[in-house]
Structure formats: structure tokens, C-alpha cells
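Everything on this sheet refers to the single structure shown next.
The values are calculated or read from the model by the stated rules, or taken from the named source; none is laboratory data. Remember, it's a predicted structure, so these values are computed and weren't measured experimentally. Cβ: placed from backbone, ideal geometry, glycine included. Neighbour counts: every protein chain shown.
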Amino acid sequence: MSKPLVLVTGVTGFLAQHVVAATLKAGYRVRGTIRDGSKSSALLQKYPDNFETTVVADIASADLKQAVKGVKYILHTASPYTFNIKDGEEELLKPAINGTLNVLKAAKAEGVQKVVITSSFAAITNSQAGGPWRDYTYTERDWNPTTYEEATKPNLPPAFVYAASKKLSEEAAWKYAKENQLILILFFVSTVNPPMIYGPALQESATSPETLNTSSAAIYQLFSGKLQAIPDDRLPLFCDVRDVAKAFVLALQTDGADNMRVPLFGGAFLWKEASISYMLLITRPELKDRIVPLHTAKPAPGPIASLDNTVAKQNLGLHEFIPWKQTLSDTVDSLLALEKRWSSSA
């Protein structure tokens, strides 16, 4: 009997690569969508068994019939993430909504058993009430209050439109799933600006600091020797990418979280107190001259909100989350290893 086939969208992404690794380790076959076919060879070399790729140039408009053929589960991680935009509706809102709906329609046509989607803290946070800077515990019952009409007003900050795109694409997903009897699971991880899914970089395609994924680059810059001050704290909530990948696999193995929103929360830290600067000065004294001075950090904007993990623990069985110190330490180790590779190939 062949192993179940799982489709992972956006397979070159930071989260997706961890999801692929965890899904393969759990004994599934994986097919990954990739926008650029020239990047397939590196992935196929890394995963020689039970892994294949299929080119999908635009997840929002492509015919996904071949991509979903024979697939039992879909893990949807691909979504537009850019703040360099001219038209928020055309570059963020529509691609996010249409991409999610296109995946769900293909799933229905193929008879896919379950679809798991990565949503965002942006879909539940209320920026008007303080966002992450409030004495409040967000749960799966909270929603970002932004409407489509509000998100399409002119001259909005790109981060605001991005957050709206996550909320609106999730709303569209739930509506379609309920109307078409699809089993759907939505995970919530801190991926709003800046992205707060941290963890070891697996991207062999990263050939320089400029090609790192956004969250890895945010950590690398703190000991790159190029910053003059610790960056402002924007979103202190986080979850380790390995825990997110584990949650995806658990969602395939149990029906406890079917048709539920599942917040994932590993903790919170400020750049200064948690600070990679502080941690590195203790654990990696050889980096002392490269680390941003602690005194340059600004005070936090307010109290730090929390995110309720009850559903993940009770319904998925994900009882423990990797603490920030281990996450940051492992991430730094992976970045230093990449740095050595960059130096040797220069």
C-alpha cells in the first residue's frame, strides 16, 4: 500500500521547507509546488525519496488539476508577502484570497480529504485596540475587524493591507469550505510584519545575507556588524518554525482539530531583554565586536499580549513549544554555518 500523497504549496519558502522535512519524516509522500522550475534540482537532490515538484507559476490563477492529482492532503503555505507594493488590492488582497480559493476549489474537484492552511496573527489581532501591545490574550475567537472596503482605501500602510489580506483570505476559505463540505484547519502563527516564525535556516538556496528569508535576515542583521541600533520591537509574539511544521503533521494524523482555528504560540520576547545581543554576549563572546549595543534599544510600546494555545494542546496534542532561547540559539548556529559557506565560496 502506497504512502498518502501530500501537496505542499510554495515549497521553496522558509516554513514550507520545514513542513516538507517533517512530513517526509512522518512517512508521507510529498509533492511541492514551485514557481520556478530551475529551483527543483536542489530540492530533489536534498530529498531523493518520496518527494517530487510541480511548477505552478501563480497559485491564484493556475490550473491546479495536475498538482492535486492523487493527493490526499493539502498543506497550503504559499501566500503573497511583500510590502513593496503600489496597489494593495491587486498585489496583496486579490492574490491572497484568490490563491486560497483556487487551492480549495482544486481540493474539492479532486476529492482531497483535508486542507491545512497557514493563517496569521494578523487575521486575529486588532491593531486599533493596540495589536500585540495590550494586556489581552487573543484566542481563536478573535478576528481582525478590517473589512475589504477599509483595506482598499488609498494610501494605506502596506503592513495594514497585508494584515487585512490574511484576515480576508481566511474568511473566504471558511465560507467556501462550509459551502462545499471540505475539512479545513487554520493555523495561526505570528507572521505579520516582521515575520515572527523563527528557527534554523534550511535554505540551501541562500547564497548571501541578501537572499535569506525575512525572519532569518532579521536575526542575522543583529550580529552582522552593520546595524547601529537595535530595531524597534514590532511583534514580540513568536512560534518556532519546527513547532509549526510539527503542528501540520499532527493535523494530518488526527481529526481533533478538523474545522478549527488553531493558534500556535511559543512565547514572546523583546529585542533587548531576550535580546540576541544579550544572549550572544554570554554564549558567543567571539561575536562581541559584531553585536548591536544594548543601550540603543527603545522602550516597548506597551504591555505584551498573549495567544491562547489551548486548542493546539487539547485538540492536536501539541503540548510543548520550543522556548525562545533555544529557537534563537539554533537559528544563530544555522546562520553562522551559512556564513562559513558564503565565505568559502566567495
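Of note:
- Candidates in region 213-255 are the residues that are among the β-branched types (V, I, T) and over 20 Å from the mean Cα position of the chain (by Cα); of these, the one that is surrounded by the most Cβ atoms within 10 Å (Cβ to Cβ) is I230.
- Enumeration of residues in region 119-174 that are closer than 21 Å to H76 by Cα, in contact (Cβ under 8 Å) with a residue 60 or more places away in the chain and part of a loop (DSSP other than H, G, I, E, B): S119, S120, I124, E140
- Residue in region 206-215 that is among the aliphatic types (A, V, I, L, M), closer than 21 Å to V292 by Cα, assigned to a loop (DSSP other than H, G, I, E, B) and touching a helix residue (DSSP H, G or I) at 6+ places or on another chain (Cβ under 8 Å) present: yes
- Total residues in region 15-29, condition crowded, with 24+ Cβ neighbours inside 10 Å and among the hydrophobic types (A, V, I, L, M, F, W, C): 4
- K226 being assigned to a helix (DSSP H, G or I) and of a type outside the set (S, T, N, Q): no
- Leading residue by the ranking (modelled with the lowest pLDDT) among those in region 303-346 that are among the aromatic types (F, W, Y) and in contact with a strand residue (DSSP E or B) (Cβ under 9 Å, 6 or more places away or on another chain): W324
Condition check ((1) in contact with a Ser or Thr (Cβ under 9 Å, 6 or more places away or on another chain); (2) outside any loop (DSSP other than H, G, I, E, B); (3) surrounded by 15 or more Cβ atoms within 10 Å (Cβ to Cβ)) across all residues:
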residue: A257; (1), (2), (3): no, no, yes
residue: W271; (1), (2), (3): yes, no, yes
residue: M279; (1), (2), (3): yes, yes, yes
residue: K288; (1), (2), (3): no, yes, no
residue: A300; (1), (2), (3): no, no, yes
residue: P303; (1), (2), (3): no, no, no
residue: K313; (1), (2), (3): no, yes, no
residue: L318; (1), (2), (3): no, no, yes
residue: T327; (1), (2), (3): no, yes, yes
